[in-house]
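First comes the structure, then the notes that go with it.
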Amino acid sequence: MPYVGKKPADIIATAVDTTTGKFSGAVTLNDGDAGSVTANTVGDELVIESSGAGGLSILTPDASDAQVLLGGPGTNAGAILRWNDNANLVSLGTNNTGGTLALKVGGFSDALTIDASANATVAGTLGVTGAVTANAGVVVDNITIDGTEIDLSSGDLTIDVAGDITLDAGGGNIILQEDGVSFGELTDNSGGDFDIKCPTNNSDIRFKGVDGGSTVTALRLDMSDAGTAVFNNGIKVGDGHPNNIGQVKSTSSVSLADDASITIQQATAGSQVVCIYETSQGAWAIYAVGYGVSSILAEYAVGTTDFVVGDTDGKACIITSGHTTTFKNRRGVTSSYRISSMGVGDFKG
C-alpha cells in the first residue's frame, strides 16, 4: 500500500491479498490510543484511531468533486456527499429517483425530511431569524405573531375564509385607519354597549347603498350639528304594520302617511298644531292641541267646497263657501269685522 504524507504507525488487518493489495476483513488505522473505546460493530470494517485529533481527508483538484458515495447491489451510488472547490458548494442527498433525505436527532428520530418532490417537513419548531419567502403561499393551522404588524408593501390584501371572520380585540377597540390616520372606531363600551365612532372632528357618519345602480346616502349623521339625523327619503317604522313617517319638510313639520297616529305630549300649558289629511275623503283638518283640551282650527268639509276656520261648535269662525266668506263671532252670530293693515303692506282687491 503506498502512502503520501504521514504513515499510520500500525495497520492491522486480518489478511492482505498480495496480488490485489486489498484488505480482507476489518482494518484499523492506528495513530495512537484513543482510550477505552471500541468501534461499533455496525461500522468497524474501517477504524481510524488516534490519540489526538483525528480525521479523514479526500483531496481532489479544485475543479473536481471530492465525494463519498454510499450504495449497494441495487444502487452503487444511492447517496452522495460531495464538495466542489470551484463552485464553493457542498452537496448532500439521495441519488435515487423517489429517494428521501432525512436529518436525524436524538435516538435517530427525524428532525427534517425532504421527499422526492422537494417537500420539507420539520418535526419541531422552525426558528428563523431572517425573512421567510414563500411565493407560492403558506399553509398553517394557527398563527402566533410576536410583532405588532402585518405589512404588505404594495397592492391589496384579501382575507378569504370558508366560514366566518371573527375580530377579537382584548382592548375592546377595533380601529380603522388610512395611512396611519384613524377614521373609524368600533368599541365595546362598558362591557356590552356597541359604539360606532368617527374620531375626526365635525366629520359625519354616512350610511350608503345602491338604488337602481346609483349610490345614495340613505342616512347622514351630522356631527357638526350634535348628530342631527338627515334621511335621504322617508322613514318607515315596522311593528307588524310598516308605516311611512313620510318626508320631513322642515324642522317643525312631519307628514304621516297610511292609517297612522301620532302622540304629542307636553308637560306645561300651551298648544301644538296638527294637520291631518284623510286620503280617502280628500279632506284636511287643522287642530289646535292644548294642555288637556283640543279644538279644531280649520277644516275642509268632506264632500263640499266649504272651508271652515274656527271652533268645533262653528262659533268664532270663518266659513268660505263658493265665493262667499261669512264671519261669525263667538256667539255664532254673523257680525261685521274690520280688516286693517299692520303697516307691512296694503290690501288690494
Just subtract the alpha-carbon distance of ASN95 and GLU149 from 0.36 nm times their residue separation and send over the number in nm, one decimal. 15.1 nm
Between ILE80 and SER203, what is the label-point separation in nm under the 7 Å Cα-to-beta-carbon projection? 6.3 nm
Which far-off residues, 5 or more places away or on another chain, put their amide H under 5 Å from the one on SER50, with H placed in the peptide plane? ASP31, ALA34
For the stretch 111-121, 3J(HN,Hα) per residue [Karplus equation, 6.51 cos²θ - 1.76 cosθ + 1.60, θ = phi - 60°, Hz, x = Gly/Pro]: 9, 9, 10, 10, 8, 5, 8, 6, 8, 9, 10
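What FRET efficiency comes out for the pair PHE194/ASP115, r = Cβ-Cβ distance, R0 = 30 Å, nearest 0.05?
Values: r = 51 Å, r/R0 = 1.69.
According to the calculation, E is roughly 0.05.
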Calculated from backbone phi, Karplus (6.51, -1.76, 1.60) coupling profile of the stretch 147-153 in Hz, x at Gly/Pro: x, 10, 9, 10, 9, 10, 5
Roughly how many nanometres apart are two label points built 7 Å out from the Cα toward the Cβ at SER214 and VAL161? 3.8 nm
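Could you tally the net charge around THR215, taking each other residue with its Cβ under 11 Å from the Cβ of THR215, Lys/Arg +1 and Asp/Glu -1?
Details: positive: ARG206, LYS208; negative: ASP211.
Net charge in that neighbourhood comes out at +1.
Summing +1 for each Lys or Arg and -1 for each Asp or Glu, what net charge is found among the other residues whose Cβ lies under 11 Å from the Cβ of ASP195?
Numbers: positive: LYS197; negative: GLU185, ASP188, ASP193.
Taking every Cβ under 11 Å from that of ASP195, the sum is -2.
Every number in this text was worked out from the coordinates using simple rules, so none of it is lab data. As the structure is a prediction and not an experimental result, all values here were calculated from the model. Every residue, glycine among them, receives a Cβ derived from its backbone with ideal geometry; neighbour counts consider all protein chains shown.
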